[in-house]
Amino acid sequence: MNYFIRPETDRDIQGIQEVNYLAFNSQENEARLVKLIRTSEYFVPELSLVAVNEDEEIVGHILFSLIHLVTEEGTVPTLGLAPMAVKPGCQNSGIGSSLVSKGLNACKTLGFKHVFVLGHPNFYPRFGFSPASGFGISSPFPVPEEVFMAQELEKGSLTGLKGKIEYPPAFNAVS
Amino acid sequence: MFEKNKKYIYIATIAVLLIVIVYQNNRFSDLKTAVGSGYFRDVRSAIFLLEQDGDVDFWVQTLKQAEGQITLERHLSEMTLLGRKFMEMDGKILLIGEQLNLLADQYRELAVNIHNGMSYDHNAEEIIRNSSFLQKVLKEAEAISGENGKKYYQEFTNTDSETSNLVWKEYKKFVEEAEE
């Protein structure tokens, strides 16, 4: 299947909801999360990317939104990757990997220095993520260390920033 | 008078439109060839860079010298630039860019570990593995399109092309081996 990746437009909103609903076993949490983030101040339109096929059907979606790293010296704005969804039937064909790569590239282009993700410890390290605990940064959720990961988009940008990540209220509303 | 010439006016209009369409098609085709030739140059440059990369031991020795870090950074800036170019390409091809960036990171980690007197064997192993993967994929991609700019354009802008599927297949194999 031929597809290409681009930032979302207003016309994609329904398709994005559908992909997130279908990809997460017909559960509404992720679709709701996207909806809540989109209407919040934490939404960055350029960082909501869709993978569309030749029929302009949305087959994948990835969202990076603003979150905060709370350190002893103060609060540092950063990015959180969540959620990432690929339509069942289109999974395991490179769309997810392309979305993550393209997304990280877009984050860099916009000048962001680091990204955090709560995800599969075998998947995200392929793109340069490593456990956030290695940088002295902890997750607000009680999860195993290896699933909460960080990536410096600019080398050394997390050095000395020990602390805890704080997700926006949208994340609490769906967890 | 107009009625009499109507037929000729229609024929002339259609002829002009046909000429414009053919002209536009040719221009579009030239543009595709030019973009494709750019992809060809990037593939060649990446193969050349990785071949020049040579033995990891060379970098280990270089990094132990006073100006070693500067020499490595020059090399890595070229790698990062190429990585960025591949990252701007479509779909699965951009995974080559991702791996080029990771390779540059692995070299930087190698430099840090050498500088701090720590073990760097695992860095060297990762560099060799990553570099071999990239060289294999790039050479196969080059074999598919040869030196044909238009073919490069077709292969690199279609996520279902032979090259795209090759990159994905090899990439999957590469990450599965790493997880074993």
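The values are calculated or read from the model by the stated rules, or taken from the named source; none is laboratory data. Note that the structure is a prediction, hence the values are computed from the model and not measured. Virtual Cβ from ideal backbone geometry, glycine too; neighbours counted across all protein chains shown. All accessible areas refer to the heavy atoms of the entire protein, side chains included, with ligands and DNA or RNA removed. Shrake-Rupley method; radii C 1.70, N 1.55, O 1.52, S 1.80 Å.
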query = Out of the residues in segment A:1-43 that are among the acidic types (Asp, Glu) and outside any loop (DSSP other than H, G, I, E, B), which is most open to solvent (accessible area, probe 1.4 Å)?
reply = A:Asp10
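Can you go through A:His114, A:His68 and tell me which one is under 24 Å from A:Glu146 (Cβ atoms), modelled with pLDDT of 95 or more, open to solvent by 50 Å² or more (accessible area, probe 1.4 Å) and not charged (D, E, K, R)? Please lay out each step first, then the result.
Working: A:His114 fails: open to solvent by 50 Å² or more (accessible area, probe 1.4 Å).
Unique residue meeting the criteria: A:His68.
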inquiry  = Return the residues of segment B:1-45 that are of a type in the set (D, E, K, R), farther than 30 Å from B:Leu100 by Cα and open to solvent by 100 Å² or more (accessible area, probe 1.4 Å); say none if nothing qualifies.
reply    = B:Glu3, B:Lys4, B:Lys7, B:Arg27
ask   = Quick one: would you say A:Val50 is touching a Lys or Arg at 6+ places or on another chain (Cβ under 6 Å), surrounded by 14 or more Cβ atoms within 10 Å (Cβ to Cβ) and under 26 Å from B:Asp90 (Cα atoms)?
value = no
inquiry  = Test of understanding: among A:Ile62, A:Ile95, which residue is more than 13 Å from chain B (Cβ to nearest Cβ) and within 19 Å of A:Val117 (Cβ to Cβ)?
reply    = A:Ile62
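Identify, from the list A:Val143, A:Val100, A:Val70, A:Val117, the residue that is under 22 Å from B:Gln99 (Cβ atoms), more than 14 Å from every other protein chain (Cβ to nearest Cβ) and either touching a residue at least 60 places away in the same chain (Cβ under 8 Å) or of a type in the set (Val, Ile, Thr) (or both). Full working, then the answer.
Numbers: A:Val143 fails: under 22 Å from B:Gln99 (Cβ atoms); A:Val100 fails: more than 14 Å from every other protein chain (Cβ to nearest Cβ); A:Val70 fails: under 22 Å from B:Gln99 (Cβ atoms).
Testing whether each residue is under 22 Å from B:Gln99 (Cβ atoms), more than 14 Å from every other protein chain (Cβ to nearest Cβ) and either touching a residue at least 60 places away in the same chain (Cβ under 8 Å) or of a type in the set (Val, Ile, Thr) (or both) leaves just A:Val117.
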query = For segment B:87-107, does any single residue satisfy the condition of being open to solvent by less than 30 Å² (accessible area, probe 1.4 Å) and either among the acidic types (Asp, Glu) or not in a helix (DSSP H, G or I) (or both)?
reply = yes
query = Identify, please: which residue in segment A:124-136 is away from every other protein chain (no Cβ under 14 Å) and of a type in the set (A, V, I, L, M, F, W, C) and is, among those, surrounded by the most Cβ atoms within 10 Å (Cβ to Cβ)?
reply = A:Ala132
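Scan B:Ser161, B:Ser145 and give me the residue that is among the polar types (S, T, N, Q), open to solvent by less than 40 Å² (accessible area, probe 1.4 Å) and in contact (Cβ under 8 Å) with a residue 40 or more places away in the chain.
Numbers: B:Ser161 fails: in contact (Cβ under 8 Å) with a residue 40 or more places away in the chain.
Going through B:Ser161, B:Ser145 in turn, the sole match is B:Ser145.
Please specify each residue of segment B:124-135 satisfying the condition of being out of contact with any helix residue (DSSP H, G or I) (no Cβ under 7 Å at 6 or more places or on another chain) and either under 13 Å from B:Phe174 (Cβ atoms) or of a type in the set (Phe, Trp, Tyr) (or both). Outline the logic, then answer.
Step one: filter segment B:124-135 for residues out of contact with any helix residue (DSSP H, G or I) (no Cβ under 7 Å at 6 or more places or on another chain), giving B:125, B:129, B:132.
B:Arg129, B:Ser132 - these are the residues of segment B:124-135 that are out of contact with any helix residue (DSSP H, G or I) (no Cβ under 7 Å at 6 or more places or on another chain) and either under 13 Å from B:Phe174 (Cβ atoms) or of a type in the set (Phe, Trp, Tyr) (or both).
Among the candidates A:Pro168, A:Pro121, single out the residue that is at negative phi, touching a His at 6+ places or on another chain (Cβ under 9 Å), surrounded by 14 or more Cβ atoms within 10 Å (Cβ to Cβ) and at pLDDT below 95.
Values: A:Pro121 fails: touching a His at 6+ places or on another chain (Cβ under 9 Å).
Exactly one residue qualifies, and that residue is A:Pro168.
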message = If the requirement is being out of contact with any strand residue (DSSP E or B) (no Cβ under 6 Å at 6 or more places or on another chain), surrounded by fewer than 22 Cβ atoms within 10 Å (Cβ to Cβ) and at pLDDT 90 or above, which of these qualifies: B:Thr71, B:Thr62, B:Thr80?
response = B:Thr80
